[in-house]
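Input: a single structure, listed below in structure tokens.
The values are calculated or read from the model by the stated rules, or taken from the named source; none is laboratory data. Predicted model only: the values in this text are computed from it and were never measured. In this analysis, Cβ positions are derived from the backbone assuming ideal geometry, glycine residues included, and neighbour counts consider all displayed protein chains. Heavy atoms of the whole protein, side chains included, go into the accessibility calculation; ligands, DNA and RNA do not. Shrake-Rupley method; radii C 1.70, N 1.55, O 1.52, S 1.80 Å.
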Amino acid sequence: MNKSNLPPAQFELEIPDKLKTDEMVLSMGPQHPSTHGVLQVILRTDGEIIKAADPRIGYLHRCFEKHAENVTWHQVIPFTDRLDYIASMNNNLGYVIGLERMMNLQVNERAEYLRVITAELNRIASHLIALGTYGLDIGAFTPFLYTFRDRERILDLFEEICGARLLYNYIWVGGVAYDAPEGWRDKVLQFCDYFEPKIKEYNDILTFNKIFIDRTANVGVIPADLAINYGVSGPCLRGSGVPYDLRKADPYSVYDRFEFNICTGKGEMGTVGDAWDRYWVRVAEMYESVKIIRQACEALPEGDAKETVPRTIKVPPGEYYMHTESPRGELGYYIISTGGKTANRVKVRSPAYSNLSILPAIAPGVMLADLVAIIGSLDIVLGEIDR
């Protein structure tokens, strides 16, 4: 240790040889403002230093997969809303495309474009919550007000197209529940014009704020190989510098028709894969989502968006795994059909679950206060983890 870092001689303490010290076990959660839901983390600490972190989940378990075996194919869709309830459109989309591929069902072009527009709007809304609440975790209250102000505008658009502001049940097998009302497309474009300059505001008040950078740069570093080994995906994986995005790697719907970039962490404020990089990827992805939405709105074809919605859903016997890029990463549905009116099995791959699973590997050695910054940077949703 540098001599200058040592306390002055008059403040030095004499520690008796017989003084017993021990590690301490702390319970963080399950009701804690920085765990982003009902998550419990059992911590073993040596003073302020974390020696081990053990996430305990299951407090929000709602039997989604068992429900899916006992209701009709279509009745599963509202339950997918409730997995990751702040990205319901994206949750609808993965399940529905999986069934359509099993049924070999061709979907109306207009419906496909509406799906992409709503999915990308929901991605922005989800990232806005991630940004705002992450600022709260670190101690910045104002950005939360800014991001929720702008998220409300997206919810207004969702309310207009499907009547709901949180759980939408909008993307149906074969199309969408409702066509876009007259003038809705123009309102989406107006939102894009409004929203793009606002991202600069977030950067001014939070992204490049010195205190925020000090709290997140070089904190919770996830090397690329470790992220891949743990199945981390989405912005958490891309924050580690891995340019993997299912919209590019395995395109679905009409994503292969749009130009957009895959955003990755570059260690601009610290080390590649730190908490700041994961945060920054979400900011940058909002620009890309706006880019996709503009292209989809301009190319939105005329037609009946409900034209290919079947009156009854008959899924032939077989099994299929469908994965899509949700705001949290690779959301997968493994579906088994025996040809009946209900699924034989629906297994969900939760990106938030895999992302949280890396916590015991990166938490040891960090300060207690930094654990809050690490969990916030993973952007978990317990509804999806527990299912």
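Restricting attention to segment 137-150, which residues are without any contact (Cβ under 8 Å) to a residue 60 or more places away in the chain and under 17 Å from Gly37 (Cβ atoms)? Break it down stepwise before answering.
Going through segment 137-150, the residues without any contact (Cβ under 8 Å) to a residue 60 or more places away in the chain turn out to be 141, 144-150.
Correct list: Phe144 only.
crowded, with 22+ Cβ neighbours inside 10 Å, among the hydroxyl-bearing types (Ser, Thr, Tyr), over 30 Å from Asp277 (Cβ atoms) and in contact (Cβ under 8 Å) with a residue 12 or more places away in the chain, is that true of Tyr134?
Values: crowded, with 22+ Cβ neighbours inside 10 Å: yes; among the hydroxyl-bearing types (Ser, Thr, Tyr): yes; over 30 Å from Asp277 (Cβ atoms): no; in contact (Cβ under 8 Å) with a residue 12 or more places away in the chain: yes.
Judged against the criteria, Tyr134 is not a match.
Looking only at segment 47-63, which residues are in a strand (DSSP E or B), open to solvent by 50 Å² or more (accessible area, probe 1.4 Å) and either farther than 10 Å from Pro364 by Cβ or touching a His at 6+ places or on another chain (Cβ under 7 Å) (or both)? Before you say what the answer is, go through the steps one by one.
Taking segment 47-63 as the starting set, the residues that turn out to be in a strand (DSSP E or B) are 49-56.
With the extra rule that they be open to solvent by 50 Å² or more (accessible area, probe 1.4 Å), the set shrinks to 49, 51, 54, 56.
Once the filter is applied, which keeps residues that are in a strand (DSSP E or B), open to solvent by 50 Å² or more (accessible area, probe 1.4 Å) and either farther than 10 Å from Pro364 by Cβ or touching a His at 6+ places or on another chain (Cβ under 7 Å) (or both), segment 47-63 yields Asp54, Arg56.
What about Ala343, is it more than 19 Å from Val242 (Cβ to Cβ), of a type in the set (Gly, Ala, Ser), in contact with a helix residue (DSSP H, G or I) (Cβ under 6 Å, 6 or more places away or on another chain) and modelled with pLDDT under 95? The answer is yes for Ala343.
Looking at segment 253-297, which of its residues are touching a residue at least 60 places away in the same chain (Cβ under 8 Å), open to solvent by 50 Å² or more (accessible area, probe 1.4 Å) and either charged (D, E, K, R) or part of a loop (DSSP other than H, G, I, E, B) (or both)? Within segment 253-297, just Arg294 meets the criteria.
Looking at segment 297-329 only, could you name the residues that are on the phi < 0 side of the Ramachandran plot and within 18 Å of the chain's Cα centre (by Cα)?
Met322, His323, Thr324, Glu325, Ser326, Pro327, Arg328, listed by residue number.
On the stretch given as segment 72-106, residues that are open to solvent by 10 Å² or more (accessible area, probe 1.4 Å) and part of a loop (DSSP other than H, G, I, E, B) total 6. So Ala119 clears everything in (1) within 17 Å of the chain's Cα centre (by Cα); (2) surrounded by fewer than 21 Cβ atoms within 10 Å (Cβ to Cβ) except one condition, right? Which one? Every listed condition holds for Ala119 apart from (2).
Somewhere in segment 186-196, is a residue under 30 Å from Val372 (Cβ atoms) and without any contact (Cβ under 8 Å) to a residue 60 or more places away in the chain? Steps first, please.
Just the residues of segment 186-196 that are under 30 Å from Val372 (Cβ atoms), to begin with: 195.
From the residues that got through so far, the ones that are without any contact (Cβ under 8 Å) to a residue 60 or more places away in the chain too are none.
No, the conditions are met nowhere in segment 186-196.
Test Asp225 against the stated conditions and say whether it is under 15 Å from Val272 (Cα atoms) and either at pLDDT 95 or above or in a helix (DSSP H, G or I) (or both). Walk me through it before giving the result.
Values: under 15 Å from Val272 (Cα atoms): yes; either at pLDDT 95 or above or in a helix (DSSP H, G or I) (or both): yes.
Yes; evaluated as a whole, the condition is true for this residue.
Please work out which residue is farthest from the chain's Cα centre (by Cα), limiting yourself to segment 330-357 and to residues that are crowded, with 21+ Cβ neighbours inside 10 Å and in a loop (DSSP other than H, G, I, E, B). So, considering only residues that are crowded, with 21+ Cβ neighbours inside 10 Å and in a loop (DSSP other than H, G, I, E, B), the one farthest from the chain's Cα centre (by Cα) is Ala343.
Residue-level check: of (1) in contact with an Asp or Glu (Cβ under 9 Å, 6 or more places away or on another chain); (2) among the charged types (D, E, K, R); (3) open to solvent by 60 Å² or more (accessible area, probe 1.4 Å), Asp214 misses just (1). Filtered by the rule that a residue be of a type outside the set (Gly, Ala, Ser) and under 30 Å from Met286 (Cβ atoms), segment 317-333 gives Tyr321, Met322, His323, Thr324, Glu325, Pro327, Arg328, Glu330, Leu331, Tyr333.
Of the residues examined, Glu325 is one that is assigned to a strand (DSSP E or B), under 17 Å from Arg115 (Cβ atoms) and in contact with a Lys or Arg (Cβ under 7 Å, 6 or more places away or on another chain). Look at segment 51-79: where a residue is within 20 Å of Tyr168 (Cβ to Cβ) and modelled with pLDDT of 90 or more and a partner is open to solvent by 70 Å² or more (accessible area, probe 1.4 Å) and in a loop (DSSP other than H, G, I, E, B), sitting 6+ places away or on another chain with Cβ atoms under 6 Å, you get Thr72/Lys341. Can you find a residue in segment 160-181 that is acidic (Asp, Glu) and farther than 30 Å from Gly98 by Cβ? Checking segment 160-181: not a single residue is acidic (Asp, Glu) and farther than 30 Å from Gly98 by Cβ. Taking the listed residues Asn169, Asn203, the one that is open to solvent by less than 70 Å² (accessible area, probe 1.4 Å), part of a loop (DSSP other than H, G, I, E, B) and either out of contact with any Gly (no Cβ under 8 Å at 6 or more places or on another chain) or at positive phi (or both) is Asn169, with no other qualifying.
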